[in-house]
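Colleague: This is the structure, below, for whatever I ask next.
The values are calculated or read from the model by the stated rules, or taken from the named source; none is laboratory data. Since the model is a prediction, treat every value here as computed from it, not as a measurement. Virtual Cβ from ideal backbone geometry, glycine too; neighbours counted across all protein chains shown.
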Amino acid sequence: MQIPMRIPMEIGPSLPDYLARPEFAQLAVLLRHTPRGAFAFAVYNTVAARDGVVNALRPLVAPLPVYEFTLNRDQQNTLAYLEKLPREQWDKPAVVFIYDVERSFPEAPDSAWDYLDTQRENLRAHPHSLVFWVTEKGARDAALRAPNLFSQRSGVFDFTVATPTHISEMRTAQTSQPVRIDEAADLDRLTRLYLGLLDEYKTETEPDPALLADLHGKAAYVLQRAYRYEEAEAHAEAQLILGQKLSDQRTQAEALYRLGDVQSFRDDRDAALASYEQALALFRAVGDRLGEANVLQRIGDVQ
C-alpha cells in the first residue's frame, strides 16, 4: 500500500534527515490508511524535529482531520482529547498527536504511564490514530510501565536527530521565534515549544544563561495566558535569578514585570505592586521608555 509523498514545497527539495527516513513514509501510510485507528509512538530529541514531522504529515494524511492534545499537570487525562473534537468526529477516523505525557505527572513521572495503561480500552473505543510523542526514555518507560497499551502499538518511529550541530541550529531557530498568539492552538503550541526547549537545554553541560532567561520569560508569559499561574510564577522567578547572575537589568526588569502580572492575576496586589515598582526602576535605569510606560499602566490598574 502506498500513498503519494506530497511533501510541502516549503520544506525544500533537500529534506531534513528525519523526514527522509523510511519511518516518516511508514507513519504517513499507517495514519492515512488504518481502518480503525492505531497507537503509534514517535520518538524525538528536539522539539524542532517533532514539529517538523507533524507539519509535514498534515497534507499526507488528508482528508483525515488532524488534532493536537497536550497533557500537563492540570490535564492528565488522555481521554480528554475528545473534548477537542466535534462530537460528530468521535466515531469517525482522525489523527491525534498527543504531547507531553512525560510532563503530566511532574511529582511522579512513572504515574503518567501507569494511568495511561488503564485507559487502553477506552482509547481503543474510538477510530482515531493516536501518536504519542515521547523521548527515548519515554519510549522505554512506556514499554515497562504501560505494557497493555504498548503491546497494542502499530509501531515505534524514530525521529531523533543525531548530529549535535544540527540540533543546536534547530533549537536556535525555534528559540528566536516571536511570541505570537492569535488563537488557543497557538497558546498550546508555544507552551509545548518553550517547555520542551527548556528541557532540552537542561541536558547541556553549559547552556547559555541569557538564552535560558529568555526562554523562561517566554514560558512565564504563555503559561500566564493559559491560567497556569503557579508554573508561570516559577518561570518568571527563574528568569529573574538568571538576570541577576548576568547583571542584566533589562532581563531583571522583564522578569519582575511578568512576576507582577502573575501576582496581579492571582489578586496579590501588594506583591504585584512591589514587583512593578522594582521593574519600573530597572526599566528607567536602562532607558526603556516602552517598558516604563507598560509598568506604569499596570501600576495604575492594580492601585
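Colleague: For SER151, all conditions in the list (1) in the same structural domain as LEU31 (by TED's automatic domain parsing); (2) under 22 Å from ARG192 (Cα atoms); (3) without any contact (Cβ under 8 Å) to a residue 40 or more places away in the chain hold save one; what is the number of the exception?
Modeller: Of the numbered conditions (1) in the same structural domain as LEU31 (by TED's automatic domain parsing); (2) under 22 Å from ARG192 (Cα atoms); (3) without any contact (Cβ under 8 Å) to a residue 40 or more places away in the chain, the odd one out for SER151 is (2).
Colleague: Among the residues of segment 86-107, which ones are more than 14 Å from the chain's Cα centre (by Cα), at pLDDT 95 or above and among the hydrophobic types (A, V, I, L, M, F, W, C)?
Modeller: Those that are more than 14 Å from the chain's Cα centre (by Cα), at pLDDT 95 or above and among the hydrophobic types (A, V, I, L, M, F, W, C): TRP90, ALA94, VAL95, VAL96.
Colleague: Moving on. Which count do you get for residues in segment 170-197 that are of a type in the set (D, E, K, R) and either surrounded by 13 or more Cβ atoms within 10 Å (Cβ to Cβ) or in the same structural domain as ALA49 (by TED's automatic domain parsing) (or both)?
Modeller: Count: 5.
Colleague: Got a sec? Which strands (runs of 3 or more DSSP E) wholly within segment 19-132 have at least 2 residues that are hydroxyl-bearing (Ser, Thr, Tyr) and surrounded by 14 or more Cβ atoms within 10 Å (Cβ to Cβ)?
Modeller: 66-70
Colleague: Checking the structure you have, find out if any residue of segment 1-18 is surrounded by 13 or more Cβ atoms within 10 Å (Cβ to Cβ), within 20 Å of TRP113 (Cα to Cα) and modelled with pLDDT under 95.
Modeller: no
Colleague: Report, ordered by the first and then the second residue, all pairs with beta carbons closer than 7 Å, sequence separation of six or more or different chains, a first member in segment 243-262 that is under 19 Å from TYR229 (Cα atoms), and a second member that is β-branched (Val, Ile, Thr) and buried (at least 24 other Cβ atoms within 10 Å of the Cβ).
Modeller: TYR257/VAL295
Colleague: Tell me, yes or no, whether segment 130-145 has at least one residue that is in the same structural domain as VAL61 (by TED's automatic domain parsing), of a type outside the set (A, V, I, L, M), touching a residue at least 40 places away in the same chain (Cβ under 8 Å) and in contact with a Ser or Thr (Cβ under 6 Å, 6 or more places away or on another chain).
Modeller: no
Colleague: Given the condition among the aromatic types (Phe, Trp, Tyr) and over 22 Å from THR46 (Cα atoms), answer yes or no: does some residue in segment 270-283 qualify?
Modeller: Looking for residues that are among the aromatic types (Phe, Trp, Tyr) and over 22 Å from THR46 (Cα atoms), one finds at least one in segment 270-283, hence yes.
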